[in-house]
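Asker: Structure below; questions to follow.
The values are calculated or read from the model by the stated rules, or taken from the named source; none is laboratory data. Model, not experiment: these values are computed from the prediction. Heads up, the Cβs are rebuilt from the backbone with ideal geometry, glycines too, and the neighbour counts pull from every protein chain shown. Note: accessible area is taken over every heavy atom of the protein model, side chains too, but ligands, DNA and RNA are not part of it. Shrake-Rupley method; radii C 1.70, N 1.55, O 1.52, S 1.80 Å.
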Amino acid sequence: MIEFHNVFFSYQPGKDILKNINLKINKGELLAIIGPNGAGKTTLIKHINGLLKPQKGYVKVLDMNTKETTVALLARHVGFVFQNPDHQLFAETVEKEIMFALINFNFPENEIKERVERILHELDLIKYRNKSPFMLSGGERKRVALASVLCYDPSILILDEPTIGQDFHQKLNLIDLINKLNKEGKTVIIVTHDIEFVADFIPKCIIMSEGRIIADGPTEEILTDSKLLLENYLLPPQLVEISIALNINPPTINFEKLVSFIRKIIERKE
Amino acid sequence: MNIFDFEYKRESSIIHRLDPRAKLVYLILFTILTVYFTNPIILFLVFLSSLPIAILGKIVKKWATSIKGSLFFIVFIFIFNFIGIFWTTGNFIDTITISIAMAIRFISLISIFSIFFLSTSPEDLMQSMIKLKLPYEYVLTFNMAMRFVPTLAKEAQTIIDAQKSRGLEFEKGNIFQKVKKYIPILIPLIISSLRRAEIIADAMESRAFGASKTRSFLYTLNMNKKDFIFIIICIIVFITFLSLKIFFNIQ
């Protein structure tokens, strides 16, 4: 569904930000991209909706070569929610903000109304529909930005740092929504620094460092490899650190598993 | 075109090392020349006279970028002057001459100002303004505004990317529709600038900005021989140009 083939990219000549990226993401996958600052994560995801075009190699999304396709055409299939909602909110009301993309994509009028209504309910924004997006709190603005992309129902969803500035309750709401969208068959890609969030909720992950993909596989394998994580300036999840401290082999990111291990240790002592 | 090319980069050419006040003299004198003359040949000479400074300052590449960047406006200025003047005078030769002069005047101004800003560090600029007895608060405001131009350019790019990701197409539509398409770019840009300004003000106050009436400075400026030589050269060139008006009556 998404395919990177020997992709190179640089903003300045001689300083490659992406170095020979090869990557396949299948339909319906839910995955996280993690890695230190400056690893090239945002540059990578901007290739998926064609905001950036590879300088060498190619990127194919739904069998379209991004080099030969406009951002607008790709955007119809690839929803991209930026990190900072203030970089996209501009309309007088939340409702109009959500309509923006629908109008750009030429949806018929009755369908626009219907979709706006649905997404306002879904993201619990109905009471703000006639308010200015600038009057809302940070977390609410983030939800409006998300709604303004989800409304046109893209089959691929990219979220750049969705958990920043969100309290625990909002994070749980977010993961519920992500899971729901994923169950509907959408491919969801999340770029984040929030390792605990990935460990708890995201089944697959990719580690990037210095423009390369270092690891790609099930979260359970990757996030329990503390050597790999530390080499790439990532802190292992707390459960993994506890597992290592207690000599549990292999370490685990599963809370229940860890608890039963600890129980066994305690029982042995008694 | 790369918008980040206008950023000042620390280099150590002879022009960079000049006292900013000396360069300010250059800026003022040559701006007067470009505004004073209307003869396209003279204006072109004024424009050419900035080239050696760009070469000495090793900033030719960036200087050329800013000239290239302004080409659109130059064409715009030419066309509007042409239409406006031809409408009122109906004289074709005069119209062409004045329109060309206006376009060259604009290039010269761009050239002079970009040389000044490309070769003067923001700190130097600030220091020279303080030496010229401008109030510190205004100097700082000006300096910060300059400092945030590249940040703003970067942010504008992010906003453009975000709106393109929501299906905004700049290429489509007639001129009015195109202008309308800048609203989703400008509003977030203004709002986030205001938000940032507020944060900076808070950060400055929490670091005791304005706590005492007098303040000390880390760097101070001193004029020396090379600065005076540069100023004298500028004055000589300035007078030479002016004498064209006196002796040959070229406007």
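Asker: Hey, A:Lys96 hits all of (1) closer than 19 Å to B:Pro184 by Cβ; (2) without any contact (Cβ under 8 Å) to a residue 60 or more places away in the chain; (3) buried (at least 19 other Cβ atoms within 10 Å of the Cβ) but one; which does it fall short on?
Answerer: (3)
Asker: Assuming B:Phe217 fulfils every condition listed in (1) loosely packed, with under 13 Cβ neighbours inside 10 Å; (2) closer than 29 Å to A:Ala101 by Cα; (3) of a type in the set (Phe, Trp, Tyr) apart from one, which condition is it?
Answerer: Exception for B:Phe217: condition (2).
Asker: Please go through the stretch A:53-71 and give me each residue that is touching a Leu at 6+ places or on another chain (Cβ under 9 Å), facing another protein chain (nearest Cβ under 9 Å) and over 24 Å from A:Arg141 (Cβ atoms), ordered by number.
Answerer: Listed by number, the list is empty, since nothing qualifies.
Asker: Residues in the stretch A:44-76 that are farther than 13 Å from A:Leu159 by Cα and open to solvent by 10 Å² or more (accessible area, probe 1.4 Å): how many? It would help to see each step written out before you state the result.
Answerer: Here is the first cut: in the stretch A:44-76, the residues farther than 13 Å from A:Leu159 by Cα are A:47, A:50-76.
Then keep just the ones that are open to solvent by 10 Å² or more (accessible area, probe 1.4 Å); that gives A:51-53, A:55-58, A:60, A:62-65, A:67-73, A:76.
Residues meeting the conditions: 20.
Asker: One residue is enough: does the stretch B:163-171 have a residue meeting the conditions in contact (Cβ under 8 Å) with a residue 40 or more places away in the chain, assigned to a helix (DSSP H, G or I) and open to solvent by less than 60 Å² (accessible area, probe 1.4 Å)? Spell out how you get there, then give the answer.
Answerer: Quick first cut of the stretch B:163-171, residues in contact (Cβ under 8 Å) with a residue 40 or more places away in the chain only: none.
No, the stretch B:163-171 has no match at all.
Asker: Please give the number of the condition A:Ser243 fails out of (1) over 23 Å from A:Thr163 (Cα atoms); (2) open to solvent by 30 Å² or more (accessible area, probe 1.4 Å).
Answerer: (2)
Asker: Let me ask something else. Could you list, in sequence order, all residues of the stretch A:127-153 that are among the hydroxyl-bearing types (Ser, Thr, Tyr), open to solvent by 10 Å² or more (accessible area, probe 1.4 Å) and under 24 Å from A:Asn110 (Cβ atoms)?
Answerer: Filtering the stretch A:127-153 for residues among the hydroxyl-bearing types (Ser, Thr, Tyr) gives A:128, A:132, A:137, A:148, A:152.
Now drop any that are not open to solvent by 10 Å² or more (accessible area, probe 1.4 Å), which leaves A:128, A:132, A:137.
Selection gives A:Tyr128 alone.
Asker: Condition (residue is of a type outside the set (Gly, Ala, Ser), modelled with pLDDT under 95, open to solvent by less than 40 Å² (accessible area, probe 1.4 Å) and part of a helix (DSSP H, G or I)) applied to the stretch A:77-85: is it met by at least one residue?
Answerer: yes
Asker: Could we say that A:Leu120 is over 26 Å from A:Gly50 (Cβ atoms), open to solvent by less than 30 Å² (accessible area, probe 1.4 Å) and either in a helix (DSSP H, G or I) or among the hydroxyl-bearing types (Ser, Thr, Tyr) (or both) here? Give the steps one after another, and end with the answer.
Answerer: Values: over 26 Å from A:Gly50 (Cβ atoms): yes; open to solvent by less than 30 Å² (accessible area, probe 1.4 Å): yes; either in a helix (DSSP H, G or I) or among the hydroxyl-bearing types (Ser, Thr, Tyr) (or both): yes.
Yes; evaluated as a whole, the condition is true for this residue.
Asker: Considering only residues that are open to solvent by 60 Å² or more (accessible area, probe 1.4 Å) and either more than 15 Å from A:Ala39 (Cβ to Cβ) or under 14 Å from the mean Cα position of the chain (by Cα) (or both), which ones fall in the stretch A:187-217?
Answerer: Within the stretch A:187-217, the first condition is being open to solvent by 60 Å² or more (accessible area, probe 1.4 Å), and the residues that meet it are A:193, A:196, A:200-201, A:203, A:210, A:212, A:214, A:216.
The answer is A:His193, A:Glu196, A:Asp200, A:Phe201, A:Pro203.
Asker: Same structure again: If a residue must be open to solvent by 100 Å² or more (accessible area, probe 1.4 Å), away from chain A (no Cβ under 13 Å) and either touching a strand residue (DSSP E or B) at 6+ places or on another chain (Cβ under 6 Å) or not aromatic (Phe, Trp, Tyr) (or both), how many such residues does the stretch B:172-194 contain?
Answerer: Final tally of qualifying residues: 1.
Asker: Follow-up question, since we're still on this one. Taking B:Thr89 and the conditions (1) open to solvent by 80 Å² or more (accessible area, probe 1.4 Å); (2) over 20 Å from the mean Cα position of the chain (by Cα); (3) at pLDDT 85 or above, which numbered condition does it fall short on, given that it satisfies the others?
Answerer: B:Thr89 satisfies all of (1) open to solvent by 80 Å² or more (accessible area, probe 1.4 Å); (2) over 20 Å from the mean Cα position of the chain (by Cα); (3) at pLDDT 85 or above except (3).
Asker: Here is a list: B:Ala197, B:Ala208. Which entry is away from chain A (no Cβ under 12 Å) and surrounded by 12 or more Cβ atoms within 10 Å (Cβ to Cβ)? Even if it seems obvious, please write down each step before you answer.
Answerer: Working: B:Ala208 fails: surrounded by 12 or more Cβ atoms within 10 Å (Cβ to Cβ).
That would be B:Ala197, the only listed residue that is away from chain A (no Cβ under 12 Å) and surrounded by 12 or more Cβ atoms within 10 Å (Cβ to Cβ).
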